Amino acid sequence: MNNIHSEPILTEKSTRPSALRRIVKTPSLLTGILMFAILILLAVLVPYLSPYDPSEQNLSAFLQPPSAAHWLGTDQLGRDLLTRLLYAARTDLAIMILAEIIPFCTGVLLGMISGYYGKWTDKVISLITDAFIAFPFYLIVIIVAFASGAGERGIYITFILVGWIVFARVVRGLTASFRKQEWIASAQTLGLPGHRILLRHLLPNVLPQAVVVLMTDMIGLLVAIVTLGYLGIGIAPPTPDWGTMIADGQPFITTAWWLSAVPGFAVVYTGIALSLLGDGLADIWRRKS
Amino acid sequence: MMEPALQVKDITVRYGDYTALDHITLELAQHTTLGLVGESGSGKSTLARVIAGLIAPDDGQLLLGSVELRKKRSKEQHKQIQMIFQNPDASLNPRHSVRQILAEALRFHRIVDRSQVERRSRELLEQVQLPARALDRYPHEFSGGQRQRIAIARALSVEPSLLIADEPTSALDVSVQRSVLELFHNLRTELNLTMLFISHDLGVIHAVSDTVAVMRQGKLAEVNSRDEFFLRPAHEYSRELLSAVPKMPEYHS
Amino acid sequence: MITSSVLEVESLTLTAASGEVLVDKVGFSLAAGESLGLVGESGSGKSLTLRAILGLLPRGVEQTGGTIRSKAVSAMVFQDPRGSLDPLCPVVKQVTEVVYYRQKTSLRAARSIALELLMRLGLPDSLATKDRYPSQLSGGQCQRVVIALALACKPGILLCDEPTTALDVTVQRQIIDTITNLQQELGFAMVFVTHNLAIAANLCARLAVMKQGRIVEYGATPALLQHPAEAYTQMLIDSVLPLPELEGGGI
């Protein structure tokens, strides 16, 4: 008679694979993690790895092709290209990550509030997001960059102003769909206050999707940083940055094409790493639920 | 006579022009189960949500014991009424383990001492016939019936004086439905619960209720004792419902 | 009686992409005008068997063994009436289209056949003058439209996949009565999938009880219900919760 009920008996061991196992079983995530880790590691360790100083000029050895001494050659001022490339990664990646912190937090928070409480909170927040979306992002960056002077400050300010919108929109939609689910109703029946439901119950559920969006958003931000550097209204020389490197190499594109191509490739590499990371995380989280 | 556990007085809920609940008046006696029947759109779930404090009524009054439940309920009043929902796939937070689910309720209402949370959680699982190793699992690792048991354990954890079950077995397979109904039956006698049990399935209502209330289009059609309702329903609509239930053919051999 | 069978399923085996066997050597036959109930709980493979007969297996599921021989057109009625209708196309038009393509009539004739079918299924006459979208109809009315769509194919076999599960009891009763009457009039054979043994017992002369992809018990309805050989069948019988007899009878 023990086999009548079709309800499975709870297994002895959890069937939930460990986090590590799940990562290993997702090739896109694994590749993304490896690619990004290598980049970060090289960027962090470059002062110890490279014998060159990124701004040290050596005019007797300018525009050299790749060689044993200079793996990627030198630029028009005789600086080692590989060293500059990795120092530029330090600058650009650091700005990219730092500039996302505040927008990510405010965006997730506002999105949850707007999706959970609905009514006038939702109306106000949606109005703001719609208003900002109507402005082209680059227009705002350029205006702020001119107003605050060139350099990374413009990027931080612009991003604090508009960067949260993408997170707010995604999280708002997610929250609104979770809000209709019954586990939220049970939390409300328990009498839990709104902030507790938001932070302890909703946050863990919206965070995965928000992190996936963060990955793609970072790619956009990196491209913005590099573009501004290229246009000369981003990071100011002599601080190494991929954008200024591309711009500096441009006059020599026919003779020393790698000067511009290599930092360009670095941007593409980072973009691929981040999108693999995002895709992989989305994959894992989709499979889990 | 004992004071009713819950009194619903003239409760009305409107959505624009649509009246979801139309002056509902109902009493729920202590330690009994009221079975609430009705077809889709009858307003039975809306009534449950009003009582649970999830929807504020436009009109009318709710009395829990002798205390009026207002729009803003106290923490204690929230604790007194707990609810179990229909859809086992959505009734538990997918990112909380069973341990977190039970501890959240126990801690928030300070049901037991911090050090006793673990022990109490195990007891609760035992009460709904789940092994203690379930504590470290996440909702997706359980079957529908098991999730419903966890939802019951969570609702019971805060020791409510009224338990609302909104179609708790409708999404389950028939064999599982039966074992969950048995669980409700045992808990009722063990814990002396007062329950509002909502179902569209008259067989289920017959199995669990002391009193039956029938709703139709936002109005209460009939309130009757269980035996009276199933044998001699007072309302024509109740009779229509009862005769529509598919029955096993009878064979005389 | 082998000659008169319209459907023969022999050791049908369906396998998921993962290698898991979902339906295991299922076999039954269906005579013209006969009805068979496939009863079981979720995961028993009853709906998949039905879909295999219609040739509509979901992606990732393959037939890995057995044969299905069908001598008649089959049409299916699904569980979710709204999901089986095109929400952006008014219902008379939907039925007309099926009649037009399946019965190869003129468009004008197709429309009058469609209307006749819909009226016969108890939909309001007002549809003739004012067509309606599925969202403007109730769940029960939508299910009637779905049945009309199935009948528009002039099926010899009607496959029903829990057609009343999503409906209220009173509506369920009406739909079951409608199906019974239509079967008597039109004489199609029917495979009726349900988890509710009482419904199957009332509709079908023979029953097959399915569990975990296999038919565990198969036979004439009265014999099977009175002397179930399997504990599982007994459990399904017991799961139909008893109700006392109404005094003064039903309606």
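The values are calculated or read from the model by the stated rules, or taken from the named source; none is laboratory data. Note that the coordinates shown come from a computational prediction; the quantities given were computed from them, not determined experimentally. Backbone-built Cβ (ideal geometry, glycine too); neighbour counts: all protein chains shown. Side chains included, ligands, DNA and RNA excluded: accessible areas come from the protein's heavy atoms. Shrake-Rupley method; radii C 1.70, N 1.55, O 1.52, S 1.80 Å.
Tell me whether region C:114-126 contains one or more residues that are free of Cβ contacts under 8 Å to residues at least 24 places away in the same chain, small (Gly, Ala, Ser), within 25 Å of B:Ser40 (Cβ to Cβ) and in a helix (DSSP H, G or I). For region C:114-126, residues free of Cβ contacts under 8 Å to residues at least 24 places away in the same chain, small (Gly, Ala, Ser), within 25 Å of B:Ser40 (Cβ to Cβ) and in a helix (DSSP H, G or I): present. Scanning region A:175-200 for residues that are within 13 Å of chain B (Cβ to nearest Cβ) and either of a type in the set (D, E, K, R) or within 25 Å of the chain's Cα centre (by Cα) (or both) turns up A:Arg179, A:Lys180, A:Glu182, A:Arg196, A:Leu198, A:Leu199, A:Arg200.
Per-residue answers, yes or no, for (1) within 14 Å of chain B (Cβ to nearest Cβ); (2) in a helix (DSSP H, G or I); (3) over 12 Å from the mean Cα position of the chain (by Cα); (4) not basic (Lys, Arg):
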position	(1), (2), (3), (4)
A:Val211	yes, yes, no, yes
A:Leu214	no, yes, no, yes
A:Thr227	no, yes, yes, yes
A:Ile272	no, yes, no, yes
A:Gly280	no, yes, yes, yes
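Is it fair to say B:Ser243 is under 30 Å from C:Val39 (Cα atoms), among the polar types (S, T, N, Q) and surrounded by fewer than 18 Cβ atoms within 10 Å (Cβ to Cβ)?
yes
Among residues of region A:151-176 that are aromatic (Phe, Trp, Tyr), none has a beta-carbon under 6 Å from a residue that is outside any helix (DSSP H, G or I) at least six positions away or on a different chain. Filter region A:1-55 down to the residues that are over 21 Å from the mean Cα position of the chain (by Cα), at pLDDT 80 or above, farther than 30 Å from A:Ala68 by Cα and open to solvent by 70 Å² or more (accessible area, probe 1.4 Å) and list them by number. Selection gives A:Leu20, A:Arg21, A:Val24, A:Lys25. The condition (being of a type in the set (D, E, K, R) and under 16 Å from A:His201 (Cβ atoms)) is satisfied by just one residue among B:Arg107, B:Arg120, B:Arg133, B:Arg137: B:Arg107.
Only one of the numbered conditions (1) open to solvent by 40 Å² or more (accessible area, probe 1.4 Å); (2) within 17 Å of C:Arg206 (Cβ to Cβ) is not met by C:Val21, and that is (2).
Total residues in region B:105-145 satisfying the condition of being under 16 Å from A:Trp183 (Cβ atoms) and within 7 Å of another protein chain (Cβ to nearest Cβ): the figure is 6.
It is to be established whether one or more residues within region C:150-163 are facing another protein chain (nearest Cβ under 9 Å), within 22 Å of B:Gln177 (Cβ to Cβ) and either surrounded by fewer than 21 Cβ atoms within 10 Å (Cβ to Cβ) or touching a residue at least 40 places away in the same chain (Cβ under 8 Å) (or both). No, region C:150-163 contains no residue that is facing another protein chain (nearest Cβ under 9 Å), within 22 Å of B:Gln177 (Cβ to Cβ) and either surrounded by fewer than 21 Cβ atoms within 10 Å (Cβ to Cβ) or touching a residue at least 40 places away in the same chain (Cβ under 8 Å) (or both).
Given the criteria more than 14 Å from chain C (Cβ to nearest Cβ), open to solvent by 20 Å² or more (accessible area, probe 1.4 Å) and modelled with pLDDT of 95 or more, does B:Thr189 qualify? No, not satisfied. Looking only at region C:188-198, filter to residues that are aliphatic (A, V, I, L, M) and over 12 Å from the mean Cα position of the chain (by Cα); which one of those is farthest from the other protein chains (Cβ to nearest Cβ)? Looking at residues that are aliphatic (A, V, I, L, M) and over 12 Å from the mean Cα position of the chain (by Cα), I get C:Leu197.
Filtered by the rule that a residue be part of a loop (DSSP other than H, G, I, E, B) and surrounded by 14 or more Cβ atoms within 10 Å (Cβ to Cβ), region C:55-70 gives a lone residue, C:Leu57.
Would you tally the residues in region A:237-270 being of a type in the set (A, V, I, L, M), open to solvent by 60 Å² or more (accessible area, probe 1.4 Å) and outside any helix (DSSP H, G or I)?
Selection size over region A:237-270: 1.
Just checking, does region A:83-96 include any residue being at pLDDT below 90, within 14 Å of chain C (Cβ to nearest Cβ) and either touching a Ser or Thr at 6+ places or on another chain (Cβ under 8 Å) or assigned to a helix (DSSP H, G or I) (or both)? Looking through region A:83-96, none of the residues is at pLDDT below 90, within 14 Å of chain C (Cβ to nearest Cβ) and either touching a Ser or Thr at 6+ places or on another chain (Cβ under 8 Å) or assigned to a helix (DSSP H, G or I) (or both).
Considering each of B:Val180, B:Val204 in turn, give the residue that is open to solvent by less than 10 Å² (accessible area, probe 1.4 Å), modelled with pLDDT of 90 or more, out of contact with any strand residue (DSSP E or B) (no Cβ under 9 Å at 6 or more places or on another chain) and within 14 Å of chain C (Cβ to nearest Cβ). Exactly one of B:Val180, B:Val204 is open to solvent by less than 10 Å² (accessible area, probe 1.4 Å), modelled with pLDDT of 90 or more, out of contact with any strand residue (DSSP E or B) (no Cβ under 9 Å at 6 or more places or on another chain) and within 14 Å of chain C (Cβ to nearest Cβ), namely B:Val180. For A:Phe252, the conditions (1) away from chain B (no Cβ under 14 Å); (2) in contact with a strand residue (DSSP E or B) (Cβ under 6 Å, 6 or more places away or on another chain) all hold with the exception of (2). Across region A:101-143, the number of residues qualifying as within 30 Å of A:Ile40 (Cα to Cα) and surrounded by fewer than 20 Cβ atoms within 10 Å (Cβ to Cβ) comes to 9. Regarding region B:214-221, can at least one residue be identified that is open to solvent by 40 Å² or more (accessible area, probe 1.4 Å) and either within 14 Å of chain C (Cβ to nearest Cβ) or of a type in the set (Val, Ile, Thr) (or both)? Yes, that holds for at least one residue.
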